[in-house]
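Trainee: I have a structure here, written as structure tokens, and I will follow up with some questions on it.
The values are calculated or read from the model by the stated rules, or taken from the named source; none is laboratory data. Quantities reported herein were computed from a predicted structural model and do not represent experimental measurements. Cβ: placed from backbone, ideal geometry, glycine included. Neighbour counts: every protein chain shown. What goes into the accessible areas is simple: the full protein's heavy atoms, side chains included, and nothing from ligands, DNA or RNA. Shrake-Rupley method; radii C 1.70, N 1.55, O 1.52, S 1.80 Å.
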Amino acid sequence: FPSHDMYGNNIYTDLVDAPHMLIAGTTGSGKSVEVKSIVTQLLKSNSQDNLHMTMIDPKQVEFMVYNRLNNVDVVTSAEGAVDVLSDLCDEMDMRSEILKNAHVSNIEENNGKMNYEIVVIDEFSDLMSRDYKNDTLNYVLRLAQMGRFCGIHLIIATQHPLATIIPTSIRGNLPVKICLQVPSVTQSRVIVTGK
């Protein structure tokens, strides 16, 4: 998928090289545009048989337009998001067993027998309510740690890149970080340095 450097030059990368991504930015910083450009490029570059996308949209604003696509599911409730993340962890475990039995280390070596599963979370802090926080963190951490080898990739966006919302354990497993304008230097450091 494409992005741009500070001079406006195109930058291209592959999910294999950028398996999980964290995008932070305040309202009006371009975060939603960045997420949608990545989503659009992924959908454009892959067939429906090759890619399935789960989009978690607690505010029911950003992703509803994609719900009409056959290979996209949009989830709008925190409870639904936790259920989907749990199901994806089960899927990851099943895929890991299949790859192990086939004596291959990732889906690229498995002759295209598995599709890519992309999980896009629009506002991560909205899932961090008291009722769902622990489950959300556990499932996201598991997917971030082991999902890449099974073709499961995370794109997490937030307006609030706080250490209390996105702990170090998760940030450390999201190798690609895009920090747009955020309210403070402290929040920028959380994203850029992981501290």
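Trainee: Of all residues in the stretch 89-125, count the ones that are without any contact (Cβ under 8 Å) to a residue 40 or more places away in the chain, open to solvent by 20 Å² or more (accessible area, probe 1.4 Å) and not β-branched (Val, Ile, Thr). Talk me through it step by step, then tell me what you get.
Mentor: Step one: list which residues in the stretch 89-125 are without any contact (Cβ under 8 Å) to a residue 40 or more places away in the chain, which gives 90, 93-94, 97-98, 100-104, 109-111, 113-114.
Then keep just the ones that are open to solvent by 20 Å² or more (accessible area, probe 1.4 Å); that gives 90, 93-94, 97-98, 100-104, 109, 111, 113-114.
Still in the running and not β-branched (Val, Ile, Thr): 90, 93-94, 97, 100-103, 109, 111, 113-114.
Adding up the residues that qualify gives 12.
Trainee: Also: Which of (1) over 20 Å from Met53 (Cα atoms); (2) assigned to a loop (DSSP other than H, G, I, E, B); (3) within 15 Å of the chain's Cα centre (by Cα) does Leu174 not meet, given it meets every other one?
Mentor: Failed condition: (1).
Trainee: Okay, moving on. Does Ile38 fit the bill of being in contact with a helix residue (DSSP H, G or I) (Cβ under 6 Å, 6 or more places away or on another chain) and not small (Gly, Ala, Ser)? Break it down into steps so the answer makes sense when it comes.
Mentor: On the way: in contact with a helix residue (DSSP H, G or I) (Cβ under 6 Å, 6 or more places away or on another chain): no; not small (Gly, Ala, Ser): yes.
Here the answer is no, as Ile38 does not meet what is asked.
Trainee: Take the residues in the stretch 104-125 that are assigned to a strand (DSSP E or B) and of a type outside the set (A, V, I, L, M), then tell me which one is nearest to Gln187 (Cα to Cα). Before the answer, list the steps.
Mentor: We begin by selecting, within the stretch 104-125, every residue assigned to a strand (DSSP E or B); these are 116-121.
Still in the running and of a type outside the set (A, V, I, L, M): 116-117.
Numbers: Tyr116: 31, Glu117: 29 Å.
Out of the qualifying residues, it is Glu117.
Trainee: Look at Asp93 and say whether it is under 16 Å from the mean Cα position of the chain (by Cα) and under 13 Å from Tyr139 (Cβ atoms).
Mentor: On the way: under 16 Å from the mean Cα position of the chain (by Cα): no; under 13 Å from Tyr139 (Cβ atoms): yes.
Answer is no for this residue.
Trainee: Please work out which residue is most open to solvent (accessible area, probe 1.4 Å), limiting yourself to the stretch 147-164 and to residues that are at pLDDT below 85 and under 18 Å from Asn134 (Cβ atoms).
Mentor: Filtering the stretch 147-164 for residues at pLDDT below 85 gives 160-164.
Okay, now just the ones that are also under 18 Å from Asn134 (Cβ atoms), so 162-164.
Details: Leu162: 64, Ala163: 54, Thr164: 104 Å².
Taking the candidates together, the pick is Thr164.
Trainee: Of all residues in the stretch 126-146, count the ones that are surrounded by fewer than 17 Cβ atoms within 10 Å (Cβ to Cβ) and either among the polar types (S, T, N, Q) or part of a helix (DSSP H, G or I) (or both). Lay out the reasoning, then the answer.
Mentor: Here is the first cut: in the stretch 126-146, the ones surrounded by fewer than 17 Cβ atoms within 10 Å (Cβ to Cβ) are 129-131, 133-134, 138, 141, 145-146.
Checking which are either among the polar types (S, T, N, Q) or part of a helix (DSSP H, G or I) (or both) leaves us with 129, 133-134, 138, 141, 145-146.
Residues in the stretch 126-146 being surrounded by fewer than 17 Cβ atoms within 10 Å (Cβ to Cβ) and either among the polar types (S, T, N, Q) or part of a helix (DSSP H, G or I) (or both): 7 in total.
Trainee: Considering every residue within the stretch 34-53, establish whether at least one is part of a loop (DSSP other than H, G, I, E, B) and crowded, with 18+ Cβ neighbours inside 10 Å. If you could, list the steps in order and put the result at the bottom.
Mentor: Step one: of the stretch 34-53, the residues part of a loop (DSSP other than H, G, I, E, B) are 46-50.
Adding the requirement that they be crowded, with 18+ Cβ neighbours inside 10 Å leaves none.
No, there is no match, as no residue in the stretch 34-53 is part of a loop (DSSP other than H, G, I, E, B) and crowded, with 18+ Cβ neighbours inside 10 Å.
Trainee: Got a number for residues in the stretch 59-77 being buried (at least 19 other Cβ atoms within 10 Å of the Cβ) and within 17 Å of Ser129 (Cα to Cα)?
Mentor: Applying the first criterion (buried (at least 19 other Cβ atoms within 10 Å of the Cβ)) to the stretch 59-77 yields 62-63, 66, 72, 74-75.
Filter again for within 17 Å of Ser129 (Cα to Cα), leaving 75.
Qualifying residue count for the region: 1.
Trainee: Sort out which residues of the stretch 177-195 are part of a strand (DSSP E or B) and either over 22 Å from Ile56 (Cα atoms) or open to solvent by 40 Å² or more (accessible area, probe 1.4 Å) (or both), and write them in order of number.
Mentor: Narrowing the stretch 177-195 to residues part of a strand (DSSP E or B): 177-179.
Listed by number, the residues that qualify are Lys177, Cys179.
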